[in-house]
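The values are calculated or read from the model by the stated rules, or taken from the named source; none is laboratory data. This one's a predicted model, so the numbers in the text were calculated from it and none came from an experiment. Virtual Cβ from ideal backbone geometry, glycine too; neighbours counted across all protein chains shown. Note: areas computed on protein heavy atoms with side chains; ligands, DNA, RNA excluded. Shrake-Rupley method; radii C 1.70, N 1.55, O 1.52, S 1.80 Å.
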Amino acid sequence: MVSAEEWIRIRRSLRFGQRFRGTVTAVPRPGAIGIFVDIGLPIGGFVDVLLLPAAAAHWPTQGTEAEFEVWWAGERQQVRLKPVDPQFLRDDFGRWQAAWRPGWPEDVPVDQGWVDTVTYPRQTGVIEEALRSAGWRPGRRVPTDHWRRTLEKTGLVRMHDAAEAFLAEFGGLDFQIRGPGINCAKTPFNFDPAKLSGEEDRFAGWSHTIGCVIFPIGELDEGRFFLGIDENSEIYLVETWLATFGSAHDALEKLILGISPERIQTAD
């Protein structure tokens with residue numbers, strides 16, 4: 001870990017698509033959560049499972065040296081990476097990127113790049129089918145003021161722009177999905193923040209712990225877990241522990257397909 005000021009300085013020096021020669025330092029759960037990479041910075045790098053081949057046997061192993069591109073860097077102290085070598089990318093990467101990352105910036109400073117994190121997928125398939133079954137349509141917009149009033153009245157949480165944008169498109173959707181997933185069971189989830197009234201202190205506590213403002217957006221597994229979103233559109237599983245699903249796009253895919261989030265280690 002570095003200081004908040006040092007992380008800001010490092011993040012400002014990064015550009016989308018910037019390449020680093022890195023060494024894979026850990027593959028804790030092949031096929032599950034991704035790989036950790038040393039790219040020579042005080043902050044470690046990470047490649048999400050969604051970018052890697054479906055077959056874990058094709059993942060780079062610990063000690064592998066390869067080139068990686070900067071894919072994202074948010075408030076959390078970690079550089080999200082994309083492998084440059086196609087053999088370490090998911091087989092359908094081009095199609096997947098066109099659907100989930102259209103217009104992804106190149107050679108733009110990470111802290112200045114604007115990314116539309118709630119743009120809907122442009123292709124048909126399992127993800128869009130699940131979205132449409134839950135009531136989503138292209139261009140969907142719903143009012144968010146009632147959720148703002150309900151949750152902000154305690155003074156513990158604040159609806160930031162990312163939360164408002166996400167809820168305007170996906171708020172109120174209820175996904176009744178069950179069955180086996182890719183590495184965890186598919187479970188129902190919803191984007192109804194009103195169901196989290198009374199849990200504001202939990203979100204305020206975790207916001208203080210990780211230094212981001214996490215706003216409640218819904219429930220997972222019929223209220224067993226809660227969902228929240230920070231100012232950078234990163235979506236979290238919130239309980240007595242915290243885990244990240246990644247960006248809004250990644251989170252939708254993981255929730256629908258049954259891919260477990262990455263647990264966040266904290267000092268507590």
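For segment 197-217, which positions are open to solvent by 40 Å² or more (accessible area, probe 1.4 Å), farther than 22 Å from residue 73 by Cα and assigned to a helix (DSSP H, G or I)?
Within segment 197-217, 201, 202 meet the criteria.
For segment 212-236, what are the residues that are within 12 Å of residue 160 (Cα to Cα), touching a Phe, Trp or Tyr at 6+ places or on another chain (Cβ under 8 Å) and not β-branched (Val, Ile, Thr)?
215, 216, 228, 230, 233
Please enumerate the residues belonging to segment 59-79 that are closer than 15 Å to residue 16 by Cα and either without any contact (Cβ under 8 Å) to a residue 40 or more places away in the chain or touching a His at 6+ places or on another chain (Cβ under 8 Å) (or both).
Once the filter is applied, which keeps residues that are closer than 15 Å to residue 16 by Cα and either without any contact (Cβ under 8 Å) to a residue 40 or more places away in the chain or touching a His at 6+ places or on another chain (Cβ under 8 Å) (or both), segment 59-79 yields only 78.
Go through (1) at pLDDT 85 or above; (2) open to solvent by less than 70 Å² (accessible area, probe 1.4 Å); (3) on the phi < 0 side of the Ramachandran plot one by one and return the number of the condition residue 4 breaks.
So the condition that residue 4 fails would be (1).
Could you look through segment 56-114, keep only residues that are basic (Lys, Arg) and modelled with pLDDT of 85 or more, and pick out the one that is farthest from residue 15 (Cα to Cα)?
Ranking the qualifying residues of segment 56-114, first place goes to 90.
Looking only at segment 51-67, which residues are crowded, with 18+ Cβ neighbours inside 10 Å and part of a loop (DSSP other than H, G, I, E, B)?
Across segment 51-67, the qualifying residues are 52, 53, 59, 60.
With (1) farther than 23 Å from residue 262 by Cβ; (2) part of a loop (DSSP other than H, G, I, E, B) as the list, and residue 181 as the residue in question, which single condition is left unmet?
Of everything listed in (1) farther than 23 Å from residue 262 by Cβ; (2) part of a loop (DSSP other than H, G, I, E, B), residue 181 misses just condition (1).
Can you find, within segment 68-95, the residue that is nearest to residue 232 (Cα to Cα) among those that are among the hydrophobic types (A, V, I, L, M, F, W, C) and outside any strand (DSSP E or B)?
By that ranking, first place goes to 73.
Which condition does residue 231 not pass, out of (1) on the phi > 0 side of the Ramachandran plot; (2) assigned to a loop (DSSP other than H, G, I, E, B), if it passes all the others?
Evaluating residue 231 over (1) on the phi > 0 side of the Ramachandran plot; (2) assigned to a loop (DSSP other than H, G, I, E, B) leaves (1) as the failure.
In segment 121-142, is there at least one residue being open to solvent by less than 60 Å² (accessible area, probe 1.4 Å), at pLDDT below 75 and under 16 Å from the mean Cα position of the chain (by Cα)?
yes
Which of (1) within 15 Å of the chain's Cα centre (by Cα); (2) outside any strand (DSSP E or B); (3) farther than 30 Å from residue 55 by Cβ; (4) not aliphatic (A, V, I, L, M) does residue 226 not meet, given it meets every other one?
Only one criterion in (1) within 15 Å of the chain's Cα centre (by Cα); (2) outside any strand (DSSP E or B); (3) farther than 30 Å from residue 55 by Cβ; (4) not aliphatic (A, V, I, L, M) is unmet by residue 226, namely (2).
In segment 152-188, which residue that is within 19 Å of residue 230 (Cβ to Cβ) and among the aliphatic types (A, V, I, L, M) is most open to solvent (accessible area, probe 1.4 Å)?
156
So, of the residues in segment 218-268 that are surrounded by 17 or more Cβ atoms within 10 Å (Cβ to Cβ) and among the polar types (S, T, N, Q), which turns out to be farthest from residue 188 (Cα to Cα)?
Only one residue tops the list, namely 232.
I'd like to verify a number: residues in segment 18-41 that are open to solvent by 20 Å² or more (accessible area, probe 1.4 Å) and either within 30 Å of residue 258 (Cα to Cα) or in contact with a helix residue (DSSP H, G or I) (Cβ under 7 Å, 6 or more places away or on another chain) (or both), how many?
12
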